[in-house]
1. Looking at the chain as a GNM with Cα springs under 10 Å, which of Leu91, Leu58, Leu81 has the largest mean-square fluctuation?
2. How far apart, in nm, are the 7 Å Cα→Cβ label points at Ser76 and Leu95?
3. So how do 59-72, 23-36 stack up, highest first, on mean other-Cβ count within 10 Å?
4. Taking the simple approach of a point 7 Å from Cα along Cα-to-Cβ for both Met68 and Arg28, what is their distance in nm?
5. If one takes the longest principal axis of the Cα atoms in the chain, at what angle in degrees, from 0 to 90 and to the nearest 10, does the Cα axis of helix 40-70 lie?
6. For the Cα atoms of the chain, what angle does the longest principal axis make with the long axis of helix 95-107, in degrees from 0 to 90, nearest 10?
7. Once you list every other residue whose beta carbon is under 15 Å from the beta carbon of Ala59, what net charge do they have if Lys and Arg are +1 and Asp and Glu are -1?
8. Working out 0.36 nm times the residue gap between Arg52 and Glu117, then minus their Cα-Cα distance, what length gain in nm do you get to one decimal?
Amino acid sequence: MRRPPITIKCECGESRDVAYGDRWRCERCGRSWNTQQIPAEEYDGLLRRMRRHQVEALAAAAIAIAVMVPLIAVVSARFILLTPALLAAWLFFLLPYWRRRYRRTARSAPRWELHPE
Ligand SMILES: [Zn+2]
């Protein structure tokens, strides 16, 4: 899974997305920022929340497949006609809903006060 980057806002106004564990030297003012000042357990907590959303989305897909495949294979092949409707529901309702939640978690991510080195 891609780890969410950390946005560092420099005191001079520059900002940059940096991977956790990396350091960044501001091009404009030369201050050096180190994301390792963030406690690992707090960053891990954020990762866990993001991952839970992904697991939920996968679980929803797995349930849909687990329901549809026996219906098509055992009950009637006509249930395959429902697949486009399910896919549409997935695309237009579930996916945007999931993305909104995912973004909300990302936005509500904790803010850390770093100190230039
Ligand atoms: Zn700067």
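1. Comparing Leu91, Leu58, Leu81 in a Gaussian network model of the chain, the most mobile one is Leu81.
2. A separation of 2.9 nm, rounded to one decimal place.
3. Ranked from most to least packed, the peptides come out as 23-36, 59-72.
4. Modelled inter-label distance: 4.9 nm.
5. 10 degrees
6. 20 degrees
7. On the way: positive: Arg51, Arg52, Arg101; negative: Glu56.
Within the 15 Å Cβ shell, the charges total +2.
8. Details: separation 65, 0.36 × 65 = 23.40 nm, distance 3.41 nm.
Net length gain for the segment: 20.0 nm.
Any read-out appearing in this document is the output of simple, stated calculations on the displayed coordinates, not a laboratory observation. Since we're looking at a predicted model, the values are computed, not measured. Positions of Cβ are backbone-derived with ideal geometry, glycine not excepted, and every protein chain shown enters the neighbour counts.
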